[in-house]
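Have a look at the structure below before the remarks.
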Amino acid sequence: LIAFILFISSCQQTTDSDSNSNMINKLYGSWTLSGYEENAIIFNKTENFNIDEYAFSFKHNGVFIECKKSDCCGNDPNTFTNFNGQWKQLSDSMFEITIEYIDWSEKYEMEIISVNSSNLKVIYHLNN
């Protein structure tokens, strides 16, 4: 009986770890803005960034790339630019994102509500 309980406990720990690793693997890649649902933002997985819509990529080794309007420094406000940043996992569903823009850097938290192979639902928590 004790061996069975230990086996069940070890399986649960492995499942939690596997689940977290599986979620991170699903996040890798590029995501393009699709829409809004209550206080969440919906993204679709895409092969490449489209040059005229908000998107981002989770890359290996904590690399994060954000494609957004670069409406500063005299640039055309409708021009999209890729900005480099980093991501760091804070908990099972919370990630800290740091982005280096042209004149400043920004740090915010992204809460993953759900993710699968084609859709991502997040809530942004801005640090004030």
Q | Failed criterion for residue 49 (all others in (1) open to solvent by 60 Å² or more (accessible area, probe 1.4 Å); (2) touching a strand residue (DSSP E or B) at 6+ places or on another chain (Cβ under 9 Å); (3) modelled with pLDDT under 95; (4) not charged (D, E, K, R) hold) | A | (1)
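Results for (1) among the acidic types (Asp, Glu); (2) over 21 Å from residue 48 (Cβ atoms); (3) open to solvent by less than 40 Å² (accessible area, probe 1.4 Å); (4) modelled with pLDDT under 95, shown as yes or no for each residue.
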{"site": "72", "(1), (2), (3), (4)": "no, yes, yes, yes"}
{"site": "76", "(1), (2), (3), (4)": "yes, yes, no, yes"}
{"site": "95", "(1), (2), (3), (4)": "no, yes, yes, no"}
{"site": "111", "(1), (2), (3), (4)": "yes, yes, no, no"}
{"site": "126", "(1), (2), (3), (4)": "no, yes, no, yes"}
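Could you check how many residues of the stretch 97-109 are open to solvent by 40 Å² or more (accessible area, probe 1.4 Å) and either touching a residue at least 60 places away in the same chain (Cβ under 8 Å) or β-branched (Val, Ile, Thr) (or both)?
Applying the first criterion (open to solvent by 40 Å² or more (accessible area, probe 1.4 Å)) to the stretch 97-109 yields 100, 102-107, 109.
Then keep just the ones that are either touching a residue at least 60 places away in the same chain (Cβ under 8 Å) or β-branched (Val, Ile, Thr) (or both); that gives 102.
The qualifying residues number 1.
Go through the stretch 79-96 residue by residue and tally those that are touching a residue at least 12 places away in the same chain (Cβ under 8 Å) and part of a loop (DSSP other than H, G, I, E, B). Even if it seems obvious, please write down each step before you answer.
Step one: filter the stretch 79-96 for residues touching a residue at least 12 places away in the same chain (Cβ under 8 Å), giving 80-90, 92-96.
The next check asks that each one be part of a loop (DSSP other than H, G, I, E, B); those that pass are 90, 92-93.
Matching residues across the stretch 79-96 total 3.
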Q.
Among (1) of a type in the set (S, T, N, Q); (2) modelled with pLDDT under 90; (3) assigned to a helix (DSSP H, G or I), there is one condition residue 61 misses while meeting the rest; what is its number?
A. (2)
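The values are calculated or read from the model by the stated rules, or taken from the named source; none is laboratory data. The model shown is predicted, which means the values in this text are computed figures rather than measured ones. Counting neighbours? That spans all protein chains shown, and the Cβs are built from the backbone with ideal geometry, glycine included. Quick note on the areas: whole protein, heavy atoms, side chains included, nothing else; ligands and nucleic acids left out. Shrake-Rupley method; radii C 1.70, N 1.55, O 1.52, S 1.80 Å.
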